[in-house]
1. Beyond 32 Å, what percent of the Cα pairs of the range 1-261 remain?
2. Determine the order of PHE125, PHE237 by accessible area, beginning with the largest, at a probe radius of 1.4 Å.
3. Over the range 1-61, what relative contact order in percent results from Cα pairs under 8 Å that are six or more residues apart?
4. Pairs LYS11/LYS45; LYS12/LYS203; LYS203/LYS250; LYS178/LYS250; LYS12/LYS235: which are spaced more than 29 Å apart, C-alpha to C-alpha?
5. Just to verify a number: FRET efficiency for LEU211 and ARG83, C-beta to C-beta distance, R0 = 30 Å, to 0.05?
6. Could you tell me what percent of the accessible area of the range 1-261 is made up of carbon and sulfur, with a 1.4 Å probe and every protein chain present?
7. Indicate the gyration tensor shape class of the range 94-216 (rounded, prolate or oblate), computed on the Cα atoms with a ≥ b ≥ c the square roots of the eigenvalues: a/c under 1.5 is rounded; otherwise a/b larger than b/c is prolate and the rest oblate.
8. Mind checking which aspartates and glutamates have their Cα closer than 18 Å to the Cα of LYS226? Skip sequence neighbours fewer than 8 apart in that chain.
Amino acid sequence: MVSRLKEEIRKKCTEMGVPMVGFASSDQWDRPPFQPWVPEEFRPKAILPETRSAIVLGMPITLPIIETAPSIAYHVLYETVNRLLDQSTYLLSNYLGKKGYASMSIPRDGYGHLSVLKDRPVAFFSHRHAAYLAGLGTFGMNNVILTREYGPRVRFGTIFTAAEIEPDRIMEGDLCIKCMRCVDACPAKALPGQEYPQRLTDKDACLMENLKLLERYISPCGICLKVCPIGEDRKLFDREDASIYDEGDKRHEALHRAWRHVRSYGARHSQ
Ligand code: B12
């Protein structure tokens with residue numbers, strides 16, 4: 001095990017402005033922590049046989065920006081974070097390659113256009129499952145990974161590497177408090193209200209909602225991330241009470257006005 005390398009990678013991530021990094025062993029995919037689990041051909045060693053470790057990077061979505069979602073502000077931030085994630089995983093993979101470890105970066109999404117997900121709504125590799133194994137968070141009622149730092153408002157990218165790095169521990173317990181805010185707020189009624197993976201997001205319903213928003217230039221939806229009360233990011237903005245997002249909340253009229261203002265510009269309006 002190369003523990004100095006782990007510290008070097010953490011330092012490199014800090015330098016690149018990536019605040020979250022976690023490590024998993026590729027063997028962990030072969031010991032399913034729950035069922036149903038990721039099928040064999042979707043696991044790191046099946047994709048790059050040299051893989052000994054997976055390194056998962058996480059970058060946050062700024063809370064007051066996602067509060068305006070769906071909006072051009074969130075749409076642009078989503079693209080920015082995606083680009084930075086792909087750049088960071090690529091740079092880290094090259095860095096490890098130069099040190100003699102066969103490595104590859106995995107695209108943060110892995111599909112050409114939302115429309116291709118109609119027939120096949122999965123990617124060749126799942127970053128959520130990688131982030132879970134790397135100890136970065138736990139699955140929430142909204143089917144995505146919640147983290148202590150940013151709740152679900154974080155996007156992930158992964159690097160497969162031949163370096164054998166000590167894995168981080170899977171997070172114990174459950175960050176999701178099952179408040180059901182995400183289930184109630186979902187405009188597509190795509191969240192079944194049962195714990196992952198007993199029931200999954202209705203991918204088709206979520207996809208159709210996102211395709212409608214794409215036509216208006218303001219995808220993705222992001223509402224199940226915005227209303228989640230978990231995450232230390234809420235403290236900075238004094239937003240620990242997630243009931244502020246309720247329609248008709250009179251106590252925070254100024255905030256609602258600001259969100260409506262941002263939402264009113266830069267998007268194609270009702271078709
Ligand atoms: C396809 C996709 C979508 C689709 C389908 C959504 C879905 N829930 O699967 C659409 C477009 C609808 C979508 C929407 C959203 N997405 Co999306 N999406 C992806 C993508 C590209 C692939 C997901 C995937 O294929 N997972 C693989 C399978 C393994 O997961 P699974 O379906 O849960 O499979 C389980 C079972 O089905 C079982 N299984 C049984 N039989 C089979 C057979 C096969 C073939 C497979 C694969 C599995 C399987 O095994 C699995 C384990 O339990 C990932 C990026 C990536 N490459 O990981 C982002 C990703 C999951 N999305 C993300 C986000 C944030 C969103 C949105 C909030 C939109 C937004 N960006 O604001 C919404 C929320 C959706 C929700 N609440 O569920 C983030 C989540 C971050 C986090 N904090 O966890 C990701 C990881 C992107 C990223 N790089 O950060 N998404």
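The values are calculated or read from the model by the stated rules, or taken from the named source; none is laboratory data. The model shown is predicted, which means the values in this text are computed figures rather than measured ones. Neighbour counts run over all protein chains shown; Cβ positions are idealised from the backbone, glycine included. Accessible surface areas use protein heavy atoms only, side chains included; no ligands, DNA or RNA. Shrake-Rupley method; radii C 1.70, N 1.55, O 1.52, S 1.80 Å.
1. Working: 7398 of 33930 pairs.
The answer is 22 percent, as a whole percent.
2. Working: PHE125 10, PHE237 65 Å².
These residues rank, largest area first, as PHE237, PHE125.
3. Working: 48 pairs, mean separation 25.0, N = 61.
Relative contact order for the range 1-61 comes out at 41 percent.
4. Values: LYS11/LYS45 26 Å; LYS12/LYS203 36 Å; LYS203/LYS250 34 Å; LYS178/LYS250 25 Å; LYS12/LYS235 27 Å.
Beyond 29 Å: LYS12/LYS203; LYS203/LYS250.
5. Details: r = 22 Å, r/R0 = 0.73.
For R0 = 30 Å, the calculated efficiency reads 0.85.
6. On the way: 6600 of 12710 Å².
Here carbon and sulfur together make up 52 percent of the probe-accessible area.
7. Numbers: a/c = 2.63, a/b = 1.38, b/c = 1.91.
Verdict is oblate for the range 94-216.
8. Those aspartates and glutamates meeting the cut-off are GLU67, GLU79, GLU149, ASP184, GLU209, ASP238, GLU240, ASP241, ASP246, GLU247, ASP249, GLU253.
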